[in-house]
Each structure stands twice: as C-alpha cells, then as structure tokens.
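In what follows, a structure is listed as structure tokens, so that the remarks can point back to it.
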Amino acid sequence: MADSNSSVVDRYRSHIHGDNERHTEWRFGSPPNYDLVNKLFEEGRTKVWEAGSLEERVQHLVKTWEMEMFHKRRFQDYKTVNPDNYTFSLNGRRPITLEQKRKLGGGYNSLLQTSLPQALRGYDPTRETMESSHAAFTAAFPRGFALEVLHVYSGPPGIVYKFRHWGFMEGPFQGHAPTGEMVELYGMAIFQVDADMKIEKVEFFYDRGELLGGLLKCAKMDDTGLLPASSCCPFFKNV
C-alpha cells in the first residue's frame, strides 16, 4: 500500500516509471509513491537479503505484483503476470480469473474473502469497492502496510514463500478508533510462473483475523468523532 504522489525510482519495485509506463492507466490518477512504506519496511524488517539472491528477487517480484494489482487499472499494463492464464485463490478457495477478481472489487476485497455471516465479518468485501477499501486501509495505516519475505522454500517455476505484513494503526478503520499499535499478518504463498517469469497462478494462505483483529479492537467513534471513556485508544485518553 502506498501514498499517491509520484516518485522517480523505487528500489524495491519495477514497472512504475520509465518509457514502458508512459501509457499506463493508474487507478488513482498517477504512479504510486512508496517512500513512506519503504521507510517503514527498512525500519521494521527482520531480514536483509543479499542483492541478487533468490529471496531478494522473490521479494522484488511480490512487491511489484502487489503494486500492479492495486494501482494499474488495465490488465494490459501488468508486467508481472500473464493476464490470459492468471488465476488467484485464497485459503484453498476456487481459483478466480483477473476479470472475476475485478468483479469482487480487487485489492483488499479479494484478499479478505470470507465465509462468515455478514454480521460477523468486521470487514465485508461484498459491500466495498476498490476505491472504498483502498481509502479504508490507507486511513488506518497512514505510513503504509509493509511486506517482507521471510523465507523462500522453492524457486521458479513454483515459488513457495513465507511472508510478513505489518503496519501501525495510526488512523481510524471504518469508524473504529486508532490504537497506535502494530498490526501484523503472517502467511504463506505459492506463485507459479512461466518461462518468462510471468505469474500465472497465485495461492495465498493466511488468517484474515490476524489483520482485522488489530483494526477492530477499539470501540467505534460516534458521529462527532468522540469515544466512550472506556475506549482502548491511547490518542483519546486523558482528553
């Protein structure tokens, strides 16, 4: 996740700037700027991979893939995937195509699919759009939601890796007050790539509750932005 201003170079991602992106249609109007989340990543990562290592190359691929999924509007602008053969699945669900993923709202909606009853979902991807979900998580994590690859178990064509996502909830999330605390998510993923290193199949395995539990722990604010006196939010204590 990134803020929306333009940047010249991103050392952890490709396919943002340069001649090959001159005609790219960006979902939020311009190329994303990852300066804030890159700083968070460098300050909080637990692994520093050697340049050119398999781990470093996989981390670069994953970060670039994530950027394209969130920020590029047209499938034809994707450089990390083979749009014709690409499928995505979460926690063993039926694989879906890029078009089916778009109909779900893409972004966080496809990553937070759930079978829970609507009243228990906390975050309901069936009621969110790409834009509303992006706004919700950008507000909750103003410094971004950083990603690091912790371990690579196998290389291409079947890339299996363990990852960590983290950020600090310094803003509200769908009416729930910020905690100021770190929210972490651990998981596993499998990327199947073709001979040109284009991703054709993505499978993710993780507990969405690890993410949402940290975002929903504080009470909801009322219409004036105030909280109950018993609120867990440190920003509102002693006010």
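The values are calculated or read from the model by the stated rules, or taken from the named source; none is laboratory data. Everything numeric in this text was worked out from a predicted model, so none of it was measured. Cβ: placed from backbone, ideal geometry, glycine included. Neighbour counts: every protein chain shown. Remember, those area values only see protein heavy atoms, side chains included, never the ligands or the DNA or RNA. Shrake-Rupley method; radii C 1.70, N 1.55, O 1.52, S 1.80 Å.
Annotations for the structure displayed:
- Here the accessible area of the chain is 52 percent carbon and sulfur, with a 1.4 angstrom probe and all protein chains present.
- Diffusion coefficient, µm² s⁻¹, Stokes-Einstein with Kirkwood Rh over alpha-carbon pairs of the range 1-99 at 4 °C and 1.567 mPa s: 87
- Distance (nanometres) between label positions extended 7 Å along Cα→Cβ at LYS47 and ARG74: 3.6
- Loop-resident GluC sites (Glu not before Pro) (DSSP state other than H, G, I, E or B) in the range 1-78 with no more than 11 further Cβ atoms inside 10 Å of their Cβ: GLU25, GLU50.
- The residues of the chain present an accessible area of 49 Å² per residue when probed at 1.4 Å with all protein chains retained.
- Extension gain for SER30-GLN113 works out to 27.1 nm (0.36 nm per residue, less the C-alpha to C-alpha distance).
- Among [x] 12.3; [y] 13.8; [z] 17.9, the entry that matches mean projected area of the Cα convex hull in nm² as calculated here: [y]
- Inter-label distance, LYS103 to ASN20: 3.1 nm, where each label sits 7 Å from its Cα along the C-beta direction.
- Cα-based Lys proximity count in the chain, under 22 Å, for pairs eight or more positions apart or on separate chains: 26
- The chain: most fluctuating residue of PRO125, PRO178, PRO117 per GNM, C-alpha cutoff 10 Å: PRO117
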